[in-house]
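Asks: Before we start, here is the structure in question, set down as C-alpha cells.
The values are calculated or read from the model by the stated rules, or taken from the named source; none is laboratory data. Everything numeric in this text was worked out from a predicted model, so none of it was measured. Cβ coordinates were reconstructed from backbone atoms using ideal geometry, including for glycine residues, and neighbour counts include every protein chain displayed. Remember, those area values only see protein heavy atoms, side chains included, never the ligands or the DNA or RNA. Shrake-Rupley method; radii C 1.70, N 1.55, O 1.52, S 1.80 Å.
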Amino acid sequence: MSTVPTTCPFCACGCGFYLLANKGELVGVAPSETHPVSLGRLCARGWGAHEAALWGDRLRQPLINRHGNLETASWVEALDDVTRRFRDLIAAGKSVGVLGSPRASNEENYLAGKLARAGFQTNNVDFCFHSICRPLFAGLEDVCGDYAPSISLNDIEASETILLIEGDLAQTHPRAAFSVMKAVEAGAHLVTIGYSRTQMARLSSLHLQTTPGNEGEVIDGLLAAVLRPGGGDRTSLAIPCEGYDALLRNVEAVKITEEMRQAADWIAHATRATFLMAPTSGYGDQTRNAAAALATLAAVTGHLDRPDSGLLPLLARSNVRGACDMGVAPDRLPGHQPLCDQRAQQRLQDLWGKKLPSTRGLEAESLLQSVSGLIVLADDPSAVLPMGGRALAALGKIEFLVVLDAFVTPPSRIAHAVLPIACFAETEGTLTNMEGRVQSLQVATQPPGEARPGWQVLAELCARFDAGVSYNSTTDVLREIAQAAPRYARMEQRASDDEWGGRWVKDPDRGKFKLYATGAAALTSAERPHVLVRDGAFDWGRDPLVSFSPTLSRDSQSQQKLFPNGFVEICKQDADGLGVPVGRQVKLTSVHGNAVVPIRLRADLKPGVLLVPYAFRDHVANVLGTDSVTAVKVEQA
Amino acid sequence: MVFAIQRPGMAKWLEKLLEGGEVIAPVRGPCGDVVFSTIRSPAQVIWDFGNPLHPPKRFVLPQTDPLVTIKRNGHRHEVEPIYDDARRILFNVRSCDVKGIAFLTRMHEMEPADASYLRRANRLTVISLACTTPCPPGFCVCTDSGPFLSDGYDIQLTDVGKSYLVEVGSEKGEAAISVVPSLFRKATESELLKRKKLETAARSHFGQETCHFASAMRRISTGRVQDSLWDKMSDWCLECGGCNLICPTCYCFSVKDLRRDGTWIRCRMWDSCQYAAFTLEASGHNPREHRKERMKRRFFHKVSAQYYTRDSTVGCVGCGRCIKVCLGTTDMPAVVAAIRKGKWHE
C-alpha cells in the first residue's frame, strides 16, 4: 500500500492529503495533520477525491475522427492529424484558439498558453471559468491593482470581524467556512451580506439581507457609515489612496441603516478583519462594482495594509489562480502581466525565441463562437459557461475540435481528435491555491491505457508548432515559468525543499489604492416585481471529479433524475401567493423572453426572489439571457 | 502468563515477524505525519509517537473493499467472492484502536456474519503498545478503551524502561511470540509493578475535561434532547463526513460496481451517515433530509442506551480523532457536553 502526499483537485482552498494506492489502484484518501491548509481536516469532496480517477469513464486511447466516427489511433497518428489540421486552418487564414483549465496544472496551463501564442500566433487563449470570476478580479484590480489576496485562510481564525459577501460558503468552500466558524466560536463578529439566510448567515452576528445583485448597495452603506464623521479611525492608512474626495461625495446621499452602522463600527474598530467574496451573482458590472466597493471598504478601514487583515477572493475551482497566473487569458501574459506591457512582451519573445502576436484575443465565450480550430484542455465549456447550451452548440460547429482530457465529457464525444491525458492522481505538476501557495501534485498511480501526462502532450504539440524546447520533467516547465512569470521567480528551486504548501507566489507591490463606491441601481419594476437569480455557486455535479465519483455524485444525479425539466426555488409565501403547489410549473417572463419551469420551496429565500441552481440554468436561458439576475413576472403556468 | 522482552531483542523479534508476513506499524510519513504503513525493516518502527490520524481500521475494512467479481457467462452471471487472505500483523497499535477493531469484529460477527470482513480480521494479529502518556485529545478512560487494556489484544506491550512487558491475550498472540521464543522470558515482579504504576499514572493524566457519556446517554435515550439544540448544533457541522470516516467504530458503507477487463467487481466503500444522500431513496424521498436529523441519528447510534445494551459499549473508543478531523465544531466530546448541559455555544 502506498501513501502519496498530494494536493486536493477540487476548490481553490488547496488542502493537502495522502492518496492511498494498493497494487497500482487508488483505494482511498488519508488526511494530513501537517498540511498547513487542511491541518488534518477535509471536506466531503476531499474525502472522495480518489473516486473519480478510479470509477470514472476514462479516456484510454487517442481517438480521431475517421469517416464521421471517432476511432482509436496511435499517438503518432493522432498528433499528426492534429498538427496537419491546425496547420491547414492557420494557412487558410482561419482563426484558432486554446482553452486552458482550472482543472489542469500550472505546467499544463502554461504550455497551453505557449501553444496558442508562440505556436498558433494568437492570443485566443482563455479558460471558461474565467467568465465567472473575471468581474470579481476586475473589481479588485480596479482598487488594488492586482487580484492577489492580502490574507491567508489561517489568518481568518484570528479575525475580530469578518465581512462575508455570501454565496453559500459552507457549500462552496468548506475549508474557508471552517476558519470563519472557528473565528465566530472565538467571539468574532461575522457579518454576512446576501439574499438568502444560508448556514453562514445563521451563524452571523448580523445578516444584511439584499436583493440579488445588489450586494454593492449594502457595501456602499457600510462605506458611507465608516466615512462619515465618527465612523472610525482612518489615520493609520500606510498606503496612499486615490479618489478619496470623490468617494466621499459618492456616498454622501447613501442611506445608512442602524444595522449597517453597527457592522461598519465592528469593521472600523477591529484590529484584524477579513473580507471574503466569491464570484457571486450580478448583472452587468454589478459584481465588478461590488468587488471594487468591498476592496475600497477594506482599504479605507486600513485592513488592506495591516498584517493578518485583508481581503480574500474565494475561487471555486482548484487552479483558477494558477490558470490566471499562467497567462491563460486573451489580454494577459504569464505572471498576469498585461498584453500591452512592452517589456513583458519582449521578455517572453526572448524566452520563447519567437515573435508574439500583440492583438488582444477573444474571451472564452466569444472564442467558442468564432474559431474554426479549438483545443480544449481538461474542461467542459457546456458545464462551466453561463450559457451552457449555447456553448455546446458552438462546440458542435467548430471545424476541428481537439479535446485533451482524462475523462469522457460531452466535448470529448463530439471532438474530431481526443488525446487522453493523466488525471490529477497520475501526473506531476503544481497547482496555485487562492492564497497563492504553489503546491505539488504527485504520481500515486499510472494513467490508464495509453493516456499520457497532459504536460507531455502539450509540450509535444508546442514542439510541432515550432514553439518547443524539450522538457524532461515538470520541473523543467516550472523553471521556464519562473523566467516567464516574475512572481514565480525561482519557484522550481524551491521545489526541491517542497514541504507541504511551503512555496508562495510573490506578493504584488501594492503601490496605492484607487477608491470606488458602486452607485447601485434598482432592478425591479411594477411590471416585473420578482427577481430571478442564477445561483453563482459552481456546479460540481457536472465536473467529472464529482460526476464520476459514486459517493459525491449522488445528490446531483438524483436531482437530475427527479427534475428533468429543472426547477426554480421560491419561498413558501410567494408560492402560496401564486397558488402554485410544489412541483407544479410557473411561467417566468423577463425582457429577454419567457420559460415555464417547476418550482421547489426553499426556506431561506425572501419573498420576491427566485433562484435557479447553476445546473438548471439552461432551462431558464430564455429568461436570463446574458444576465445572471433579471427582473421577472411570475404567473401560474 | 506475562512475558518480557529486552529492548535490544525487539528488532530481532520484528525481523522474524517480517519473515512471516506483512507487518504494519505507525511510521513517520513523507510529510511528517505519523501513518500506518507496511514496514520493511525494524528500523522504521517508531516508539514515541502520537496516534496516527488515519485509523488502522482499513486493514480489516478498507475504504474501497472488493467483495465479489461478477462475470457474464452466456445468459448467466457468475458471482465469485473475493477474499483477502493475507496474514497481517498490526504492530504498535494504540489501545483505542485495538478496542475499535474488536468492536468492528463484534458487529461483523452478528448474523448474518460478514465472511469477507471476518476472513481479514481472523488473519490479523494485533500487537498493541499501551499508552503510558495519553495523547492530548484522547478520552479513552471514559469509554473503557485505554490507556491500558485488559482484553481485546493479541499482545499488549508496555514500555517498562529497559524491557517491554509482553501480555499475551490470544492464540494469535502466542503464535507471534513463538517465532523466537528465546527472546521472551517470564516478567519479573518489579516489571509487573512498574506496569501497574505506569497505568495509574497514565489514568491520572486525564483531567476534568473528558467526555461524560452517562448523563448524555440518559437524555438521548429518553428523547430529552430539545429539537432546537439539534437545530443549533447542526449549523456548526459542514457535513464533511470526516467524523465517520476516521472513527474506529464506524462501519457504514455503500456498494458500487467497478468495471475491470470485462468483469464487474462489486466494492463496498466507506460512507457517512452525515451525507444527505446516504439515506436518499430512489423515489427522491429522504427520511433524514435535514442535517439535524442525520446528526441526531449519529449520536443516537453511538450514545443511546438502546445501542449500549446491544453492543455493551458506547460506539466510541475515545481516540479523539473526531476532534482533530471535524471541519466544524461538532465532535463527540463537544456534542456530548452540549447534550448533557442542554446548551450549545452559550
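Asks: From B:R298, B:R321, which residue is under 25 Å from A:S179 (Cβ atoms) and away from chain A (no Cβ under 14 Å)?
Replies: B:R298
Asks: Which condition does A:A186 not pass, out of (1) in contact with a helix residue (DSSP H, G or I) (Cβ under 6 Å, 6 or more places away or on another chain); (2) within 11 Å of chain B (Cβ to nearest Cβ), if it passes all the others?
Replies: (1)
Asks: Quick check on this structure: which one of A:Q493, A:Q446 is assigned to a helix (DSSP H, G or I) and open to solvent by 20 Å² or more (accessible area, probe 1.4 Å)?
Replies: Residue meeting the stated conditions: A:Q493.
Residues checked against (1) assigned to a helix (DSSP H, G or I); (2) at pLDDT 95 or above; (3) in contact with an Asp or Glu (Cβ under 8 Å, 6 or more places away or on another chain):
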position	(1), (2), (3)
A:C133	yes, no, no
A:F137	yes, no, no
A:Y147	no, no, yes
A:I151	no, no, yes
A:L164	no, yes, no
A:A177	yes, yes, no
A:A183	yes, yes, yes
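Asks: Let me ask something else. Counting only residues that are among the acidic types (D, E) and either outside the structural domain of A:L115 (by TED's automatic domain parsing) or part of a helix (DSSP H, G or I) (or both), which one in region A:330-377 is farthest from A:Y488 (Cα to Cα)?
Replies: Initially, region A:330-377 is screened for residues among the acidic types (D, E), giving A:331, A:341, A:350, A:363, A:365.
Now restrict to residues that are either outside the structural domain of A:L115 (by TED's automatic domain parsing) or part of a helix (DSSP H, G or I) (or both): A:350, A:365.
Working: A:D350: 18, A:E365: 29 Å.
Here the residue is A:E365.
Asks: Sticking with this structure for a sec: Of the residues that sit in region B:3-30 and are open to solvent by 40 Å² or more (accessible area, probe 1.4 Å) and not in a helix (DSSP H, G or I), which one is farthest from B:F184 (Cα to Cα)?
Replies: Among those residues, the one meeting the criterion is B:P30.
Asks: Which one of these does B:V79 not meet: (1) assigned to a helix (DSSP H, G or I); (2) open to solvent by 10 Å² or more (accessible area, probe 1.4 Å)?
Replies: Unmet condition: (1).
Asks: Which residues, counting only those in region B:46-71, are free of Cβ contacts under 8 Å to residues at least 60 places away in the same chain, more than 14 Å from every other protein chain (Cβ to nearest Cβ) and touching a strand residue (DSSP E or B) at 6+ places or on another chain (Cβ under 8 Å)?
Replies: Once the filter is applied, which keeps residues that are free of Cβ contacts under 8 Å to residues at least 60 places away in the same chain, more than 14 Å from every other protein chain (Cβ to nearest Cβ) and touching a strand residue (DSSP E or B) at 6+ places or on another chain (Cβ under 8 Å), region B:46-71 yields only B:I46.
Asks: May I pose another question? Only one of these conditions is not met by A:D265: (1) within 18 Å of the chain's Cα centre (by Cα); (2) in the same structural domain as A:I219 (by TED's automatic domain parsing); (3) of a type in the set (D, E). Which number is it?
Replies: Result: A:D265 passes all but (1).
Asks: What is the one condition in (1) open to solvent by less than 10 Å² (accessible area, probe 1.4 Å); (2) assigned to a helix (DSSP H, G or I); (3) in contact with a strand residue (DSSP E or B) (Cβ under 9 Å, 6 or more places away or on another chain) that A:T430 does not satisfy?
Replies: Against the list (1) open to solvent by less than 10 Å² (accessible area, probe 1.4 Å); (2) assigned to a helix (DSSP H, G or I); (3) in contact with a strand residue (DSSP E or B) (Cβ under 9 Å, 6 or more places away or on another chain), A:T430 comes up short only on (2).
Asks: Conditions first: (1) modelled with pLDDT of 90 or more; (2) in a loop (DSSP other than H, G, I, E, B). A:G284 passes all but one, so which condition is the exception?
Replies: If we test A:G284 against (1) modelled with pLDDT of 90 or more; (2) in a loop (DSSP other than H, G, I, E, B), just (1) comes out false.
Asks: Which residues, counting only those in region B:266-292, are open to solvent by less than 30 Å² (accessible area, probe 1.4 Å) and closer than 22 Å to A:V29 by Cβ?
Replies: Listed by number, the residues that qualify are B:C267, B:R268, B:M269, B:W270, B:D271, B:S272, B:C273, B:Q274, B:Y275, B:A276, B:A277.
Asks: Continuing with the same structure: Restricting attention to helices (runs of 4 or more DSSP H) lying wholly within region B:248-346, give those where 2 or more residues are more than 19 Å from the chain's Cα centre (by Cα).
Replies: Once the helices (runs of 4 or more DSSP H) in region B:248-346 are filtered for at least 2 residues that are more than 19 Å from the chain's Cα centre (by Cα), what remains is B:291-303, B:305-311, B:332-341.
Asks: Let me ask something additional. Could you figure out which of (1) more than 14 Å from chain B (Cβ to nearest Cβ); (2) out of contact with any helix residue (DSSP H, G or I) (no Cβ under 9 Å at 6 or more places or on another chain); (3) of a type outside the set (S, T, N, Q) isn't true of A:G24?
Replies: So the condition that A:G24 fails would be (1).
Every residue, every condition in (1) free of Cβ contacts under 8 Å to residues at least 60 places away in the same chain; (2) more than 20 Å from A:G327 (Cα to Cα), yes or no:
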site	(1), (2)
A:T430	no, no
A:N433	no, no
A:R437	no, no
A:V443	no, yes
A:Q456	yes, no
A:A459	no, no
A:Y488	no, no
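Asks: If you don't mind, there's one more thing I want to ask. Within 16 Å of A:N65 (Cα to Cα) and either out of contact with any Cys (no Cβ under 6 Å at 6 or more places or on another chain) or in the same structural domain as A:P544 (by TED's automatic domain parsing) (or both): does that describe A:A422?
Replies: Spelling it out, it is not the case that A:A422 is within 16 Å of A:N65 (Cα to Cα) and either out of contact with any Cys (no Cβ under 6 Å at 6 or more places or on another chain) or in the same structural domain as A:P544 (by TED's automatic domain parsing) (or both).
Asks: Exactly one of these conditions fails for A:A158: (1) touching a residue at least 60 places away in the same chain (Cβ under 8 Å); (2) assigned to a helix (DSSP H, G or I); (3) open to solvent by 40 Å² or more (accessible area, probe 1.4 Å). Give me its number.
Replies: Single failed check for A:A158: (2).
Asks: Next question. Any residue that is of a type in the set (D, E, K, R), open to solvent by 10 Å² or more (accessible area, probe 1.4 Å) and either part of a strand (DSSP E or B) or closer than 15 Å to A:A273 by Cα (or both) - is there at least one of those in region A:188-207?
Replies: no
Yes/no per residue for (1) assigned to a strand (DSSP E or B); (2) in contact with a His (Cβ under 9 Å, 6 or more places away or on another chain); (3) outside the structural domain of B:T313 (by TED's automatic domain parsing); (4) among the β-branched types (V, I, T):
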site: B:R58; (1), (2), (3), (4): no, no, yes, no
site: B:L67; (1), (2), (3), (4): yes, no, yes, no
site: B:I70; (1), (2), (3), (4): yes, yes, yes, yes
site: B:K99; (1), (2), (3), (4): no, no, yes, no
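Asks: A follow-up question, please. Restricting attention to region A:157-180, report how many residues are under 18 Å from A:L39 (Cβ atoms), within 14 Å of chain B (Cβ to nearest Cβ) and in contact with a Ser or Thr (Cβ under 6 Å, 6 or more places away or on another chain).
Replies: 1
Asks: Now for a separate question. I want to confirm something. Restricting to region B:23-44 and keeping residues that are charged (D, E, K, R) and in contact with a helix residue (DSSP H, G or I) (Cβ under 9 Å, 6 or more places away or on another chain), which single residue is nearest to the other protein chains (Cβ to nearest Cβ)?
Replies: Looking at residues that are charged (D, E, K, R) and in contact with a helix residue (DSSP H, G or I) (Cβ under 9 Å, 6 or more places away or on another chain), I get B:R28.
Asks: In region B:100-114, what residues are in contact (Cβ under 8 Å) with a residue 60 or more places away in the chain and surrounded by 20 or more Cβ atoms within 10 Å (Cβ to Cβ)?
Replies: Scanning region B:100-114 gives B:G100, B:I101, B:F103, B:L104.
Asks: Check off (1) out of contact with any Asp or Glu (no Cβ under 9 Å at 6 or more places or on another chain); (2) polar (S, T, N, Q); (3) touching a residue at least 12 places away in the same chain (Cβ under 8 Å) for B:S178 and give me the number that stays unchecked.
Replies: All conditions are met except number (3).
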